[in-house]
Amino acid sequence: MKNLKLSASRPDGARTVIDVGGVKLGGDFVVIAGPCSVESEEQTLRTAEAVAAAGAKMLRGGAFKPRTSPYAFQGLGLKGLKILEKARRETGLPVVTEVVDTRDVSWVGEYADVLQIGARNMQNFSLLREAGRSGKPILLKRGMHSTLEEWLNCAEYILAEGNGQVFLCERGIRTFETYTRNTLDLSMVPAVKAESHLPVFVDPSHGTGILGMIEPMSLAAVAAGADGLEIEVHCDPSSALSDKDQQLTPAAFALLMDKLRRLRAFMGELG
Ligand code: PEP
Ligand code: MN
């Protein structure tokens, strides 16, 4: 691919590993889990404790939500970030949260360990530049209409600001298929590995939007070689203020984590 000065695979095959408070993205297999949105202190702490107990290594939760409708729940903003900070203190899990506005990047970075740039903002070039200047680790999700080359060029915007801590997340693209929320493109896992040294994660929650598909797609992502997963979990999904149909219960998440461990052990045996 042309013009990928910083994101393209290196001649010696060396891959990026990002250390976030001892969690090695691109080194260890890492599951990021937590609610779609931070809704209250109780909901976030309960969920955070459950995902930590099941073996998640990072906590996700949106305080700024990019919603289709301006009348839908938009997130708790600063209050949500303070709740995430408390959840990090109580569980020890580093926090991943989305930033949607260039003006918020530097101060949100004071609360979050990783800043997420969502699918809808993948090509928001001023946001990418600001994220690069923040020096924080950045989780860059694939835009829902984007090619691999466009996606890697967006990573390039962040890298070009001198921030090498970028990792990618496949979260499904828009196709003619409407059965699933998006078409999860797992072929991007080996494609990113071939073209780039950046770690690549998979989000089966937004990628399918269907509860029963999260486990098989998570297992498939591991088999495809993903460096980690980002999964939505809610302590009481039926009461969720966003994405209630795709959030796993803590019990379902714990079962999934057990299957992931067994699959990874089996893959280790295969060599
Ligand atoms: C999210 O992870 O909270 C999210 C909104 O995902 P995406 O940007 O992939 O839709
Ligand atoms: Mn969501």
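Each reported figure results from applying straightforward, stated rules to the coordinates on display, with no laboratory input. Quantities reported herein were computed from a predicted structural model and do not represent experimental measurements. Here the Cβ is made from the backbone with ideal geometry for all residues, glycine too, and neighbour counts use every protein chain on show.
Once the dipole of the chain is set up with Lys and Arg at +1 and Asp and Glu at -1 on Cβ about the Cα centre, which of SER218, SER134, HIS145 lies farthest towards its positive end? The listed residue farthest towards the positive side: SER134.
Between ALA223 and THR147, residue separation times 0.36 nm minus the direct Cα-Cα distance comes to 25.1 nm. Across segment 132-186, the volume of the C-alpha convex hull divided among the residues equals 74 Å³ per residue. When only alpha carbons of segment 99-174 are considered, Rg and Dmax amount to 11.1, 34 Å.
The modelled label-to-label distance between ASP245 and THR175, using points 7 Å beyond Cα along the C-beta direction, is 1.9 nm. Oblate is the label for segment 11-70. Its Cα gyration tensor axes, ordered a ≥ b ≥ c, give a/c of at least 1.5 and b/c at or above a/b. If the label point is 7 Å along Cα→Cβ of LYS2, which residues in segment 175-211 have backbone nitrogen under 19 Å from it? Residues passing the 19 Å test: 195-196.
Work out the FRET efficiency for LEU255 and SER69 from their Cβ-Cβ distance, taking R0 = 45 Å, and round it to the nearest 0.05. Before the final figure, lay out each step's value.
Working: r = 33 Å, r/R0 = 0.74.
Once the sixth-power term is evaluated, E becomes 0.85.
Give, as ranges by residue number, the residues of segment 22-41 whose backbone N falls under 13 Å from the point 7 Å along Cα→Cβ of GLU161. Nothing falls inside the zone, counting backbone N under 13 Å. Each residue of segment 40-100 gets 82 Å³ once the volume of the Cα convex hull is shared out per residue. Rounded to the nearest 20 debye, the dipole magnitude of segment 120-271 is 140 debye, with +1 charges on Lys and Arg beta carbons, -1 on Asp and Glu beta carbons, and the Cα centre as origin.
About its Cα centre, the dipole of the chain is roughly 240 debye, where the only charges are +1 on Lys and Arg Cβ and -1 on Asp and Glu Cβ.
For segment 69-161, the relative contact order comes to 23 percent (Cα pairs under 8 Å, sequence separation of at least 6).
Translational D (Stokes-Einstein, µm²/s) of segment 131-234 at 25 °C and 0.890 mPa s when Rh comes from the Kirkwood sum over C-alpha pairs?
My calculation gives 176 µm²/s for D.
Evaluated at q = 0.09, 0.17 Å⁻¹, a Debye calculation over the C-alpha positions of the chain (equal weights, vacuum) places log10 I(q)/I(0) at -0.36, -1.46. If R0 equals 30 Å, the separation of the Cβ atoms of ALA194 and SER40 corresponds to a calculated FRET efficiency of about 0.10. For the pair ILE210 and LEU78, the difference between a 0.36 nm per residue extended length and the Cα-Cα distance amounts to 44.5 nm.
Find how many whole Å separate the alpha carbon centroid of segment 1-79 from the alpha carbon centroid of segment 118-142. Going from one Cα centre to the other spans 13 Å. The length gained by stretching the chain between GLU90 and SER187 to full extension, at 0.36 nm per residue less their Cα-Cα distance, is 31.2 nm.
The residue list PHE167, PHE29, ASN3 was ranked by how far each Cα lies along the charge dipole of the chain toward its positive end, using unit charges on Cβ atoms, and ASN3 comes out on top. Mind telling me which of GLY80, GLY143, GLY21 comes out most flexible in a GNM of the chain, alpha-carbon contacts under 10 Å? Answer for the Gaussian network model of the chain: GLY21.
Which pairs, out of LYS82/LYS259; LYS82/LYS193; LYS24/LYS141; LYS5/LYS244; LYS65/LYS136, put more than 29 Å between their alpha-carbon atoms? Over 29 Å apart, Cα to Cα: LYS82/LYS259; LYS82/LYS193; LYS5/LYS244. Using a 10 angstrom cutoff on alpha carbons, build the Gaussian network for the chain and name the most mobile of VAL99, VAL17, VAL38. Greatest mean-square fluctuation among the candidates belongs to VAL17.
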